4 protein chains.
Amino acid sequence: MIIHVSKTHENKIQELAQFYDAFVLKKENEYILVGSSKIKKVEPLHEEYVSKLFVAETDMQLADVKYHPKREVKIGNISIGGTHRNTIVIAGPCSVESKDQIEQSSQLLLENGLTSLRGGAFKPRTSPYTFRGMGLDGLKLLDRMREKYGFTIVTEVRDSTHVDAIIQYADVIQIGAKAMYDHGILNRCGKTNKPILLKRGFGATLQEFVQTADFIMSAGNENVILCERGIRTFETKTRFTLDLCGVAYLKEYTNLPIILDPSHAMGYSYGVPDLARACVAMDIDGLLIETHPNPKVAKSDAAQQLTHDEFSKLIQSIKPVAEAVGRKIV
Amino acid sequence: MIIHVSKTHENKIQELAQFYDAFVLKKENEYILVGSSKIKKVEPLHEEYVSKLFVAETDMQLADVKYHPKREVKIGNISIGGTHRNTIVIAGPCSVESKDQIEQSSQLLLENGLTSLRGGAFKPRTSPYTFRGMGLDGLKLLDRMREKYGFTIVTEVRDSTHVDAIIQYADVIQIGAKAMYDHGILNRCGKTNKPILLKRGFGATLQEFVQTADFIMSAGNENVILCERGIRTFETKTRFTLDLCGVAYLKEYTNLPIILDPSHAMGYSYGVPDLARACVAMDIDGLLIETHPNPKVAKSDAAQQLTHDEFSKLIQSIKPVAEAVGRKIV
Amino acid sequence: MIIHVSKTHENKIQELAQFYDAFVLKKENEYILVGSSKIKKVEPLHEEYVSKLFVAETDMQLADVKYHPKREVKIGNISIGGTHRNTIVIAGPCSVESKDQIEQSSQLLLENGLTSLRGGAFKPRTSPYTFRGMGLDGLKLLDRMREKYGFTIVTEVRDSTHVDAIIQYADVIQIGAKAMYDHGILNRCGKTNKPILLKRGFGATLQEFVQTADFIMSAGNENVILCERGIRTFETKTRFTLDLCGVAYLKEYTNLPIILDPSHAMGYSYGVPDLARACVAMDIDGLLIETHPNPKVAKSDAAQQLTHDEFSKLIQSIKPVAEAVGRKIV
Amino acid sequence: MIIHVSKTHENKIQELAQFYDAFVLKKENEYILVGSSKIKKVEPLHEEYVSKLFVAETDMQLADVKYHPKREVKIGNISIGGTHRNTIVIAGPCSVESKDQIEQSSQLLLENGLTSLRGGAFKPRTSPYTFRGMGLDGLKLLDRMREKYGFTIVTEVRDSTHVDAIIQYADVIQIGAKAMYDHGILNRCGKTNKPILLKRGFGATLQEFVQTADFIMSAGNENVILCERGIRTFETKTRFTLDLCGVAYLKEYTNLPIILDPSHAMGYSYGVPDLARACVAMDIDGLLIETHPNPKVAKSDAAQQLTHDEFSKLIQSIKPVAEAVGRKIV
């Protein structure tokens, strides 16, 4: 249940929050209290304080499009979601590997008129015996690209021990699929106001995914972007299965911007261009594409990264698709 | 292993077929023998009969794009696959319910310039207590629409007891997801030369799916069209999960035309338009869309069928997407 | 909805069946009419004919334990289900391959005091290029073992083209996982009174599985045994995932005997003994175990068949487990 | 690759570790270096330092039974794994809720001769609007039970922000299914020597699961226990699907003790007793069972917790099963 209380009843907020065991979001002229969806009505004696009431069926509440129209999130000076028709392309290598590599990635963005650079500095690998990223040094390389080219930087937080460093250096904080349930990260991301790119866990239901968005939002940060990146199914010829039916669901029932990641879903570069075009045709707010100056020597996810040449062709090919659905690639 | 033998060695065919335990396909000027992919070479004394040899890694053989370039299949006078750039839209209700209903569906096709009518006469339901279709009467209603409007008819065979009737009345024989493993149907469909629309079982791997195409092809009918219609995953907010990563795989590794069915994958009409546009952007050969004059009263799959109005809007919206990927909706 | 009507109202049966679109089961002193579970009550003017009424939530009706207590099925002179505490072991090779092989399998049964021989004559393979069984010759070999040793024969029907031959030769007709949705087979099996061993499709939900049992039962044959044999999941280190949680569900909510098949679930012989013991500890009515005189040369499923030595050890080891849960291995 | 180097070459350790990018485990008389499994041999000039070499196929290395025989882990004064035949039962409520509740749980353990108490203080919920546990106060209540009754305490770490508190108060640190990929937790748990009960993520493959065990072990803590608790599949009648085929795999290929959690897998108390007996018959090292003085009012997982009466009956019933497979319930 979501209760809006005008600022004029400021003195009642604490009492109400305690009574309904609710999170409190402070807005300019009002307070928003969010409690369990199991609560279906306010007590009669509290009714006078309520300016707006939303009763939800499930614990997807702040993200529910019935509660709030489509929300807008700003990435640098680009707005996505809301009534905007931008489809942002966030691109770059899986891992930041060197100054030279990240400089080449930046040149690729410039050539294609793009402004959002991605790259992993802290990599959440499933094997302990593989490359875990450059860490802070990687962040600093990304930071330099922002200074030099005015890019917005999107990078992933692997675990809560370095979430502060990520928040400091990134413009968009990416919560990876494996970290979707990490309360330490979620709580901390709820305390910043930077945009959060929340990836769906590959074993997570849509319900859990949206509840996780509510987790961050109820802690205070409503700048959440949902990212579908493939779920785990019985099919193993491809790395994961991109769940576009699920995307149709998210578009219908939630108010958050949606960015899709065909690279991780497919796991093989050959399928990425077709899938990227399909994603754009789904009428969504953004794409995350992995590209590397030389995929063969990439330190992680070598098979799925596009060459720079393939990437530039892809960008050209998605523009008419975006136009066909009334969108603009930015 | 696939062995091509010139007609000049006709007298050796039986011996070779027996030796390699192979299926024999008779062509104008040659014979094609197809045996297990475990056989990796021909005996030296047989080499003189071999005009072409294809050694495969797995039992996906006749459908392998490394063996044979993209195959063309004709549906009426529309060619799909091969080097053609047509994306055929096959539309109509889930079940044939009445003369009036199927006449209305036909009018909808005419209005949208389409020529392929689908409708189920034998419905493979999972509950015994639900509508199983009009049977032969349904087939005859479809047949009348062909005569009246020149449509091609696409209808589903539920089990091998009526496969002959379906072959007689349909232009394209649809093998449903639940029938993908039905050897009785597969064998019989291998003996006709009508196009077979083979749907992927919702629990079937891509490997099994393509092997099933090989099943039909090795029995003599190479006019097979692959149809992805959603696989079963842990996500239940949508009926199934449309596997577009799998479609990327099929496009890369097989030579068969591909038609997609977003209606069954989604299970809810609200998501069908977005998904249909995504499918078209995947650069595939056709769409299967369910639409009903009055979905609310449909005897099967009521939730997923588009109204005629929604359908016409959808058709208009997919044309520019098709154009964007160099395709034409037919 | 299930309606019991006394034989005294015999003249009303046809009218009632038509009105409720119901299947009719003729019993000694009454008729049982089974219609859709969506029907929640009988018309007032029909009430006088109803001796018993069962309103179900879903289309699992005849198999519902709330409708009918645990049902008994006889395999030869062994009773399973109901209040019996027998756990029958049905064993033998995956495929019948030769007279000699099946004779050795029979000797193994005799040594272990078992009486139910399984063996596939018609094999439903997913590749067309692999061994599909000996067909009718295989059935006849099994038949000879019955005559010679008094065994009951359990064998699989692959498709509806040979279902009559199977019914003629087998004591228990096995419907394989891939045939679970085959209406041709289901209908025909509903018309015999021989026990049907219905395997769960590896992509089938429990709901669909039990509805399929209802399919056979509503057609007239209530001798249905449920067989869980592994479902398809994202885990591929093992062939399938044996769903014992699902078995707990079936035990709680259905009235049918349950037989488990650890061999197909695991796909590797090393895991079969542990799993077989776990199955027995689940307090179920039977086991299906694949064993071969020489698994290495088996023409199908070589990896999962136990040697005869491993099998005999397994039988010894499951007896105390059966005893621990108040069961007897037969 | 795992390289053992005698202490006599202590001065070479750092050089070797750097060269092979390896973790270093210090043992009494030797050092163990663990690098990527992609490295298949040591350089000739390093051969003289190698006392033992293990080349693995995958990054499951320290947990590989071909590298090291079955490992023993001590929980209080009970040894599991290795050549021991103990099956430990760890029981208690899902969440610690009050002093009174945890006292009742303790009495239940005493009555049944058990010594390991579980209870969640930090709950990793998927909804932000539900009970997240008593936190530190919960830990202290558990601690009091240890002091009073000599129990060993098993409790879960939700995220890395409180991992130190858990390590301080618990005898066994449980890493929950949702935390399996949390590097912050894994790294910290690798630095203690307390036993780690590592639960398999419900979307994690066996390969990833065992690699995660290697993650902890390579960081220095070899006291890892694997816990299968159900994976997510298409079947939703039960909460998860207990993967006993996977357990057979783990028993065959890894050297770690295995504890099973039928409560979470099933999600409904009615199935827990049958499943618990099946687990014991799998010949494993322990069970995790949730039981609550009054499940109906439990603050989390109410449906799956046994009453104390059901629990005591369960314990009686698993003893003969354990005996049947040569095990002892402790």
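The values are calculated or read from the model by the stated rules, or taken from the named source; none is laboratory data. As the structure is a computational prediction, the values presented were derived from the model and not from experiment. Neighbour counts run over all protein chains shown; Cβ positions are idealised from the backbone, glycine included. Ligands, DNA and RNA are stripped out before the accessible areas are found, and what is left, the full protein with its side chains, is counted by its heavy atoms. Shrake-Rupley method; radii C 1.70, N 1.55, O 1.52, S 1.80 Å.
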Among (1) open to solvent by less than 10 Å² (accessible area, probe 1.4 Å); (2) modelled with pLDDT of 95 or more, the one test that A:ASN223 misses
(1)
Residue count, segment A:1-58 (criterion: open to solvent by 80 Å² or more (accessible area, probe 1.4 Å) and of a type in the set (A, V, I, L, M, F, W, C))
2
Kindly provide the set of residues from segment B:200-234 that are in a helix (DSSP H, G or I) and out of contact with any Pro (no Cβ under 8 Å at 6 or more places or on another chain), ordered by number.
B:LEU206, B:GLN207, B:GLU208, B:PHE209, B:VAL210, B:THR212, B:ALA213, B:ILE216, B:MET217
Subset of segment A:168-199 (residues that are touching a helix residue (DSSP H, G or I) at 6+ places or on another chain (Cβ under 8 Å), closer than 30 Å to A:GLY150 by Cβ, part of a loop (DSSP other than H, G, I, E, B) and within 13 Å of chain D (Cβ to nearest Cβ)):
A:GLY190
Can you tell me which residues in segment B:101-122 are within 14 Å of chain C (Cβ to nearest Cβ) and open to solvent by 10 Å² or more (accessible area, probe 1.4 Å)?
B:PHE122
Do we have A:THR307 as surrounded by fewer than 20 Cβ atoms within 10 Å (Cβ to Cβ) and either away from chain B (no Cβ under 14 Å) or more than 24 Å from B:TYR253 (Cβ to Cβ) (or both) here?
yes
For the list (1) closer than 28 Å to A:SER98 by Cβ; (2) without any contact (Cβ under 8 Å) to a residue 24 or more places away in the chain, I need the number of the one condition that A:ASP274 fails.
(1)
Give me the residue from segment D:310-330 that is part of a loop (DSSP other than H, G, I, E, B) and buried (at least 19 other Cβ atoms within 10 Å of the Cβ) and, out of that set, farthest from the other protein chains (Cβ to nearest Cβ).
D:VAL330
In the set A:ASP261, A:ASP214, the lone residue that is in contact with a Lys or Arg (Cβ under 7 Å, 6 or more places away or on another chain) and acidic (Asp, Glu) is A:ASP261
Mind checking which pairs have a first residue in segment B:244-268 that is in the same structural domain as B:GLY201 (by TED's automatic domain parsing) and without any contact (Cβ under 8 Å) to a residue 12 or more places away in the chain and a second that is among the small types (Gly, Ala, Ser) and outside any loop (DSSP other than H, G, I, E, B), Cβ under 9 Å, 6 or more apart or different chains?
B:CYS245/A:ALA265; B:CYS245/A:GLY271
Every residue in segment C:114-132 that is part of a loop (DSSP other than H, G, I, E, B) and without any contact (Cβ under 8 Å) to a residue 60 or more places away in the chain, please.
C:GLY119, C:ALA121, C:PHE122, C:PRO124, C:THR126, C:SER127, C:PRO128, C:TYR129, C:ARG132
Consider D:PHE234 against the criteria (1) surrounded by fewer than 24 Cβ atoms within 10 Å (Cβ to Cβ); (2) away from chain A (no Cβ under 14 Å); (3) out of contact with any strand residue (DSSP E or B) (no Cβ under 6 Å at 6 or more places or on another chain); (4) not acidic (Asp, Glu): it satisfies all of them except one. Which criterion is unmet?
(2)
Within segment A:264-304, work out how many residues are within 14 Å of chain B (Cβ to nearest Cβ) and basic (Lys, Arg).
1
Provide a single number: the residues in segment C:293-329 that are of a type outside the set (A, V, I, L, M) and without any contact (Cβ under 8 Å) to a residue 60 or more places away in the chain.
12
So D:ILE167 passes all but one of these: (1) open to solvent by 10 Å² or more (accessible area, probe 1.4 Å); (2) modelled with pLDDT of 95 or more; (3) β-branched (Val, Ile, Thr). Which condition number does it fail?
(2)
Checklist (1) of a type in the set (S, T, N, Q); (2) within 30 Å of C:MET1 (Cα to Cα); (3) open to solvent by less than 30 Å² (accessible area, probe 1.4 Å); (4) within 14 Å of another protein chain (Cβ to nearest Cβ) applied to C:SER79, failing item
(4)
Pairs under 7 Å by beta carbon, first residue at negative phi and among the hydroxyl-bearing types (Ser, Thr, Tyr) in segment D:188-208, partner buried (at least 23 other Cβ atoms within 10 Å of the Cβ) and at pLDDT 95 or above, six or more apart or different chains?
D:THR205/C:PHE234; D:THR205/C:GLU235
Got a number for residues in segment D:237-263 being among the small types (Gly, Ala, Ser) and more than 7 Å from every other protein chain (Cβ to nearest Cβ)?
1
Can you name every residue in segment B:7-47 that is without any contact (Cβ under 8 Å) to a residue 24 or more places away in the chain, under 22 Å from B:LYS191 (Cβ atoms) and not in a loop (DSSP other than H, G, I, E, B)?
B:GLU10, B:ILE13, B:GLN14, B:ALA17, B:GLN18, B:VAL24, B:LYS26
Scan segment B:145-164 for residues that are assigned to a helix (DSSP H, G or I) and surrounded by 15 or more Cβ atoms within 10 Å (Cβ to Cβ) and report the count.
6
Within segment A:89-100, does at least one residue satisfy the condition of being open to solvent by 30 Å² or more (accessible area, probe 1.4 Å), part of a loop (DSSP other than H, G, I, E, B) and at positive phi?
no
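Looking at A:GLY267, A:GLY326, A:GLY230 in this structure, which one is at positive phi and touching a His at 6+ places or on another chain (Cβ under 7 Å)?
The unique qualifying residue is A:GLY230.
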